[in-house]
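Reading through the structure tokens given below for one structure.
Values quoted throughout were computed directly from the atomic coordinates according to the rules given, and no laboratory measurement underlies them. Note that the coordinates shown come from a computational prediction; the quantities given were computed from them, not determined experimentally. Reconstructed Cβ throughout: ideal geometry from the backbone, glycine too, with neighbour counts over all protein chains shown.
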Amino acid sequence: VRTCVVTGSASGIGAATRARLERDGDRVIGVDVRDAEVVADLATEQGRSALAEQVSELADGVVDAVVACAGVSGGTGRPETVIRVNYFGAVATLDRLRPLLARSAAPRAVAVSSIALQFDRDPAVVDACLAGDEEAAVALVGGDATGGRAYAAGKRALARWVRRQATTAEWAGARIALNAVAPGVIRTPLSHYMLDTPEGRAEAAAQIPMPLHGFGEPEHVASLIAFLTSGENVLVTAQVVFVDGGFEALQRGEDVW
Ligand SMILES: NC(=O)c1ccc[n+]([C@@H]2O[C@H](COP(=O)([O-])OP(=O)(O)OC[C@H]3O[C@@H](n4cnc5c(N)ncnc54)[C@H](O)[C@@H]3O)[C@@H](O)[C@H]2O)c1
């Protein structure tokens, strides 16, 4: 039985991932601000150290997969909270559980980024994130009226952090596959503010057209995460896999290299 840690397990994509992994026979340790084995606020140092300590105890020091999924919406969350949870909370989850992964026979990790990374126009925020300077990143987005800028920059930084780390001695050298998934628009409580009116849906469809099937369901992301975190995934690492019905290809074109 594989032991998998899923943050953001109480809702949406995290809840669907938990359900999918449990259906596959895995044991899931959920981490969330509510309704989870480990109740922790990943915006805070206290929550991040609680995550590391409690997971280590519950998992007896060995974890087979980590899914950093907890996140806050750029539309409804405060900019400061968005950057603290979506980037620094996710990186803390992966970094602090890495020693537990290193003890597994087939360790895998996934960070949940977003198609929203393509709306980022903010290299200074991304740089502050990648430099690990949480207070600088918070200061740069702190005055914003919405969390939109923090969301796009945090999701871009998270994807870049994955690509940067995955090939290093700490990750690839420890046999840990590390990937990001970047969903398009998925029907969850997080995107409800966009999708609950006809006007909002039309705007989202115009901004993020998804040629294959339109808006997705959390299960469509969970099935990809299930593969990436399974023992079956041997060689896929350092990738940002778009789960977006083709939007990324529409935007960026056919050339991949
Ligand atoms: N829904 C979409 O369209 C979409 C698209 C791309 C990426 N994403 C990303 O997918 C991930 C999951 O989002 P979702 O759509 O399932 O949203 P959701 O709101 O349904 O679930 C998010 C979960 O994260 C938890 N969470 C929030 N702040 C936390 C904190 N400080 N500490 C611990 N847990 C916290 C929430 O309690 C909730 O259970 C997020 O990272 C989000 O940015 C979502």
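Assuming R0 = 22 Å, what is the FRET efficiency of ARG34 and ASP95, from their Cβ-Cβ distance, to the nearest 0.05?
So the FRET efficiency works out to roughly 0.35.
Which of rounded, prolate, oblate describes the stretch 100-257, given a ≥ b ≥ c as roots of the alpha-carbon gyration tensor eigenvalues and a/c under 1.5 marking rounded, otherwise prolate only if a/b is larger than b/c?
In terms of gyration-tensor shape, oblate.
Rank TYR193, TYR151, TYR87 by mean-square fluctuation in a GNM of the chain with C-alpha springs under 10 angstrom and give only the top-ranked residue.
Maximum among the listed residues: TYR193.
Would you mind classifying the stretch 113-197 by shape? Square roots of the alpha carbon gyration tensor eigenvalues, ordered a ≥ b ≥ c; an a/c under 1.5 is rounded, otherwise it is prolate if a/b is larger than b/c and oblate if not. Walk me through the numbers before you get to the answer.
Numbers: a/c = 2.87, a/b = 1.33, b/c = 2.16.
Oblate.
For VAL110, VAL85, which order do you get if you count the other beta carbons within 10 Å of each Cβ and list the fewest first? Could the numbers behind the result be given before it?
Details: VAL110 29, VAL85 24.
Ranked by crowding around the Cβ, least crowded first: VAL85, VAL110.
Suppose R0 equals 30 Å; then what is the FRET efficiency for ASP24 and VAL236 from their Cβ-Cβ distance, rounded to the nearest 0.05?
Numbers: r = 18 Å, r/R0 = 0.59.
So the FRET efficiency works out to roughly 0.95.
Springs between alpha-carbon atoms under 10 Å, Gaussian network over the chain: tell me which of ASP244, ASP64, ASP95 tops the mean-square fluctuations.
Maximum fluctuation in the GNM of the chain, among the listed residues, is at ASP95.
Placing +1 at every Lys and Arg Cβ and -1 at every Asp and Glu Cβ, with all other atoms neutral, what dipole size does the chain have around its Cα centre, in debye to the nearest 20?
Here the chain has a charge dipole of around 360 debye.
Find how much the distance from GLU57 to ALA172 grows on full extension, using 0.36 nm per residue of separation minus their present alpha carbon separation; answer in nm with one decimal.
Taking 0.36 nm per residue and subtracting the Cα distance, the gain is 38.9 nm.
Going by average Cβ neighbours within 10 Å, how do the peptides 182-192, 114-124, 68-78 rank, with the highest at the top?
68-78, 182-192, 114-124
Within 10 Å, count the other beta carbons around each residue, average over each peptide in 214-220, 224-230, 165-171, and list them highest first. Provide the component values of the computation, followed by the final result.
Values: 214-220: 17.3, 224-230: 21.9, 165-171: 15.7.
Ranked from most to least packed, the peptides come out as 224-230, 214-220, 165-171.
Take the alpha carbon gyration tensor of the stretch 1-80, find the square roots of its eigenvalues, order them as a ≥ b ≥ c, and report rounded if a/c is under 1.5; if not, report prolate when a/b exceeds b/c, else oblate.
oblate
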